[in-house]
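Read through the structure below, which is laid out as structure tokens, and then see the notes.
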Amino acid sequence: MTATELMQPDEQSTRTKSLVRVLARTLGIRLLGVLAILLVISFLTFSLVYLAPGDIVKNLLGNRPTSPEAVAAIRAQYNLDDPFLMRYFDWILNALRGDFGESIRLQQPVTTVLSARLGYTFALMSLSFLVALVVAIPMGVLSAEREGRASDRLASTLSLVGLSAPSFALAILLLYLFAMLIPIFPAYGGGSGGLDTLWHLTLPAVALAAGIGAILMRMTRAAVLRELQSDAITFARARGLPERDIRFIALRAAAIPIVTSAGLILTFIVGGTIIVETVFALPGIGSLLQEAVLFKDIPVVQAITLLVAALIATITIVVDMSYLLFDPRVRAKELNK
Amino acid sequence: MKTSSPPNKRTRRFFGVAIAATAALVLSACSSGASPAEDEAPADLVDSGQGIETVKVAFPGSLANLYIGQESGILNYYLAANVQEGLVSLDSEGKFVPGLATEWEMTDDSTYVFTVREDAKFHNGDTVTPEDIVFSIEQAADPVASPGTSFYLQGMASAEVTGDNEITVKTENPNASFLTNLSNVGALVVTQQAFWEEHDGKVGTSNSLLMGTGPYAVTEFSPDSHVVLDRVDTWWGEQPPVEQIRIDFIPDENTRLLAAQKGDIDIAFNVPLKQANSWQDISEGRVDAVNDLSYAGLLFDHEVAPFDDPNVRAAIATATDSEAIVEKLLHGYGEVATSIMTPESLSQVYDADAARDVLSNLPHHSFDMDRAKELLEDSSAADGFTTELTYPNTGPQLGTAAQSIAENMKQLGVTINVREVPIEEWLATIGDGEHGLGFMWYFSTTGDPAEVSSYLLGAGNDSHFDSAEAQRLIAESDAALDPADRVNILLQLEEENHKNTHTSPLWWGQSLTYFSNEIGIKDFSPFTFLGAWGPQLYAAE
């Protein structure tokens with residue numbers, strides 16, 4: 001019987017209420033922190049894109065003769081002659097009102113541009129995260145249980161390949177193998193929706209999952225191995241508990257580092273999409289960001305950076321909160337604050 | 001949970017295949033000694049007369065906007081040529097042919113009168129009115145609505161409807177290249193006024209698409225992904241055999257090659273020179289090379305020392321071994337340029353061979369290291385100097401040429417640091433007042449003989465020099481309405497450039513296009529993709 005089950009109903013409800021209060025307070029503080037970070041990031045990104053080499057006027061007009069009127073019209077349209085800080089404050093005031101501006105490169109509202117791309121990137125990230133989880137965690141657990149044996153060495157070698165192969169090379173290799181030699185997957189593009197898109201996203205997702213899966217596998221192996229070698233497990237074995245129960249105890253204890261690394265790799269996926277989407281010609285957020293940075297399309301770069309930063313912050317908060325669920329010690333500590 | 005020897009074996013086999021595949025990729029990436037197109041026997045294709053459901057085309061980069069007034073890259077022109085028309089067009093030899101105007105005449109030196117085609121319709125079925133055409137001209141000339149094309153119509157005085165099917169356009173001064181500007185290869189792609197106003201001028205985006213009069217209509221556009229052109233039944237010309245043209249944007253060159261090897265691509269534009277061999281090895285297809293009206297040359301900023309000294313400029317031009325660059329580095333896909341004008345740009349006056357004769361007789365800097373040394377010793381930079389030469393990541397051939405020039409200049413005590421930069425950064429270096437030495441890489445769309453030379457030598461040029469003589473010759477050539485007279489004046493302009501080495505021509509380029517052997521194309525020439533090329537495609541057998 002657990003401690004909670006032994007409690008009286010009144011006592012349990014008080015505990016639940018105080019847990020909710022603690023959660024709300026923690027969340028509130030974290031959210032304020034996130035807002036501050038987003039503000040700093042928005043300023044840094046704006047400054048970096050502003051300082052980066054390149055000229056919006058040349059990017060728009062290309063390498064051909066132009067009239068001074070056309071140059072003046074573009075400079076006026078994008079307020080290029082305003083001082084840097086004025087341009088930043090203009091942007092942030094509009095952003096606070098929910099107006100993220102218009103993409104300079106695509107001549108469309110940023111929200112329209114992003115909404116057309118989010119689906120692909122979200123699907124790609126989810127699929128690759130799923131592939132990484134499904135493959136890496138069991139492999140890590142197995143590897144730890146069979147430490148030093150052939151299967152452990154094989155898994156370690158595979159993770160080494162996944163970690164060290166650059167994602168663009170891996171992507172091209174996968175294309176060559178599974179689109180060309182064994183033509184079961186398409187070579188490029190995002191497909192026409194539904195199952196077709198899933199089919200198109202499989203190779204990119206695997207290319208993206210390889211590196212992050214390798215990290216996750218190593219983290220899982222290390223965490224499970226540490227638990228299997230802990231006093232608690234030795235004691236459990238001494239008590240003659242069945243191996244299944246022992247494995248459960250070890251996995252539960254190892255859950256925190258595994259979830260932390262899973263959260264961490266989810267943030268890596270966001271960066272990885274830039275390369276993978278370019279190689280597989282996928283119209284997602286990654287390829288959009290790459291083009292936008294090169295073009296100095298500040299409104300798009302700002303919106304994507306903030307979106308990604310907010311996503312990473314959310315993932316971090318969710319991971320932190322999950323500790324309360326997994327570890328009674330963390331839960332008790334939070335409640336006693 | 002049960003991993004044992006069988007998966008282990010499978011994994012080993014996988015590794016074997018993987019290593020072999022990697023080796024194959026590395027080999028294909030390294031193999032670069034392609035042979036020029038002349039050595040290749042083009043596939044003997046016959047028109048089967050069959051219709052084609054879809055032709056899949058690969059572009060090496062994405063378009064951001066489909067309206068050439070907004071984004072004016074060469075690929076934008078190629079795409080728009082199937083969808084929108086100007087008053088006139090160019091045929092495969094670069095000569096004017098009717099577009100939306102069936103005929104035209106000059107009533108005086110500055111007045112063009114066009115008779116509008118009566119059977120012209122927009123893709124929505126509405127008849128094209130002279131008012132729509134005048135509206136389109138006005139928008140194309142507006143620097144705010146069309147920053148990409150307004151330059152070309154600066155000299156226009158007025159455009160008016162002067163009859164039921166008649167339009168009169170006047171220029172401020174006699175302007176020999178003006179008719180080109182009223183074609184789809186210049187500044188004019190006719191759209192419907194109602195369509196433009198419905199979208200508040202924001203045409204060519206993924207929401208608004210395009211409204212035109214050509215043989216194909218844009219039915220889908222997703223930037224960084226694809227654009228779909230569907231055949232229409234509103235075009236005045238003969239119904240083309242291809243129903244749909246789907247253009248995919250595939251930026252990674254290895255992915256593009258794999259897709260073609262897999263048979264997913266029927267036509268690929270701008271095959272990279274270094275991959276020419278791999279593309280030619282595709283058994284179901286062929287690679288055709290054609291002069292693409294492009295010009296590559298060295299650009300000097302006359303306000304940046306020591307490039308203000310003509311001897312320094314001449315020394316670099318003389319130390320440049322253009323023949324070796326074209327033969328060894330471009331693998332023969334190009335020609336040594338003796339002038340800024342390409343041979344094709346003289347097509348209104350000379351045929352291809354005669355044009356080459358005329359241009360090769362122009363004075364030019366031949367490769368001569370001893371002479372280059374003398375020139376440098378007679379210059380303000382006799383002790384040598386250090387400079388930077390950047391080239392765009394989309395033009396690796398410029399990079400190899402830069403290395404060759406740097407190697408030769410090193411022997412003369414000049415250090416040239418060659419740096420590859422993204423094309424956006426490279427564009428910003430042109431005429432930035434900091435880079436004394438740079439490349440000019442220009443893809444002409446009009447094929448007009450003065451298009452590039454007036455840009456490089458005229459007022460407000462990126463080299464920051466003012467040459468009264470050059471400007472006089474450009475003005476004179478603009479006013480010379482007889483094509484032969486005009487070319488003669490432009491030849492004098494080339495001599496003037498050579499005398500001062502304002503800028504130094506390197507090569508006239510070629511583009512490589514991959515075609516699946518199931519697809520044929522009629523009249524493949526430097527001008528094909530600048531006209532409605534969809535109807536030129538046929539099912540081959």
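The values are calculated or read from the model by the stated rules, or taken from the named source; none is laboratory data. Every value quoted in this text rests on a predicted model; they were computed, and no experiment measured them. In this analysis, Cβ positions are derived from the backbone assuming ideal geometry, glycine residues included, and neighbour counts consider all displayed protein chains.
Assess whether B:F529 counts as being surrounded by 21 or more Cβ atoms within 10 Å (Cβ to Cβ) and in a strand (DSSP E or B). Criteria not met by B:F529.
Taking the stretch B:159-173 as the range and being among the hydroxyl-bearing types (S, T, Y) and within 29 Å of the chain's Cα centre (by Cα) as the test, only B:T171 passes. Flag not set for B:V169, criterion: touching a residue at least 40 places away in the same chain (Cβ under 8 Å), among the β-branched types (V, I, T), farther than 22 Å from B:P483 by Cα and part of a strand (DSSP E or B). Consider B:F269 against the criteria (1) crowded, with 23+ Cβ neighbours inside 10 Å; (2) hydrophobic (A, V, I, L, M, F, W, C); (3) more than 14 Å from every other protein chain (Cβ to nearest Cβ): it satisfies all of them except one. Which criterion is unmet? So the condition that B:F269 fails would be (1).
Only one entry in B:N76, B:N65 is without any contact (Cβ under 8 Å) to a residue 24 or more places away in the chain and within 14 Å of chain A (Cβ to nearest Cβ), namely B:N76.
With respect to the conditions (1) modelled with pLDDT under 50; (2) assigned to a helix (DSSP H, G or I); (3) more than 14 Å from chain A (Cβ to nearest Cβ), B:A34 lacks only one, and its number is (2). The residues in the stretch B:398-440 that are within 11 Å of chain A (Cβ to nearest Cβ), of a type in the set (D, E) and farther than 19 Å from B:V304 by Cα can be counted, and the count is 2. Residues that are within 14 Å of another protein chain (Cβ to nearest Cβ), closer than 30 Å to A:L174 by Cβ and assigned to a helix (DSSP H, G or I) are absent from the stretch B:279-295 altogether. Highlighted here are the strands (runs of 3 or more DSSP E) found entirely within the stretch B:356-474 that include at least 2 residues which are without any contact (Cβ under 8 Å) to a residue 40 or more places away in the chain and surrounded by fewer than 16 Cβ atoms within 10 Å (Cβ to Cβ): B:415-421. Taking each residue of the stretch B:202-231 that is in contact (Cβ under 8 Å) with a residue 24 or more places away in the chain and assigned to a loop (DSSP other than H, G, I, E, B) and looking for partners that are acidic (D, E) and buried (at least 22 other Cβ atoms within 10 Å of the Cβ) with beta-carbon atoms closer than 6 Å, six or more apart or interchain, yields B:T213/B:E85; B:G214/B:E85. Scanning the stretch B:309-341 for residues that are within 16 Å of B:K499 (Cβ to Cβ) and without any contact (Cβ under 8 Å) to a residue 60 or more places away in the chain yields one hit, B:T318. Residues in the stretch A:235-248 that are over 15 Å from A:L142 (Cβ atoms), surrounded by fewer than 12 Cβ atoms within 10 Å (Cβ to Cβ) and over 34 Å from the mean Cα position of the chain (by Cα): A:F235, A:A238, A:R239, A:G240, A:P242. Taken over the stretch B:56-107, residues that are of a type in the set (D, E, K, R), assigned to a loop (DSSP other than H, G, I, E, B) and touching a strand residue (DSSP E or B) at 6+ places or on another chain (Cβ under 8 Å) amount to 1. Taking the stretch A:169-202 as the range and being of a type in the set (F, W, Y) and in contact with an Asp or Glu (Cβ under 8 Å, 6 or more places away or on another chain) as the test, only A:Y188 passes.
Residues checked against (1) surrounded by fewer than 19 Cβ atoms within 10 Å (Cβ to Cβ); (2) under 24 Å from B:W533 (Cα atoms):
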site	(1), (2)
B:F96	yes, yes
B:P130	no, no
B:S136	no, yes
B:A140	no, yes
B:P174	yes, no
B:T180	no, yes
B:S183	no, yes
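Filtering B:I68, B:I52 for residues that are crowded, with 23+ Cβ neighbours inside 10 Å and of a type in the set (V, I, T) leaves a single hit, B:I68.
Cβ separations smaller than 6 Å between residues 6+ apart or across chains give the following pairs from the stretch A:312-330 residues that are under 12 Å from A:I256 (Cα atoms) to residues that are part of a helix (DSSP H, G or I) and charged (D, E, K, R): A:L324/A:R331. When restricted to residues that are among the polar types (S, T, N, Q) and either more than 7 Å from chain B (Cβ to nearest Cβ) or within 20 Å of B:K202 (Cβ to Cβ) (or both), the stretch A:56-77 contains 2. Cβ separations smaller than 8 Å between residues 6+ apart or across chains give no pair from the stretch A:24-35 residues that are farther than 12 Å from A:T314 by Cβ to residues that are not in a helix (DSSP H, G or I) and not charged (D, E, K, R). Listed here are the helices (runs of 4 or more DSSP H) enclosed by the stretch A:196-306 that have at least 3 residues being in contact with a Leu (Cβ under 6 Å, 6 or more places away or on another chain), touching a residue at least 24 places away in the same chain (Cβ under 8 Å) and over 26 Å from B:D248 (Cα atoms): A:243-279. Within the stretch A:183-197, the residues that satisfy the criterion of being more than 20 Å from A:G286 (Cα to Cα) and more than 9 Å from chain B (Cβ to nearest Cβ) are A:I184, A:F185, A:G194, A:L195, A:D196. For the stretch B:185-205, filtered to residues that are surrounded by fewer than 22 Cβ atoms within 10 Å (Cβ to Cβ) and of a type in the set (G, A, S), the residue that is modelled with the lowest pLDDT is B:G201.
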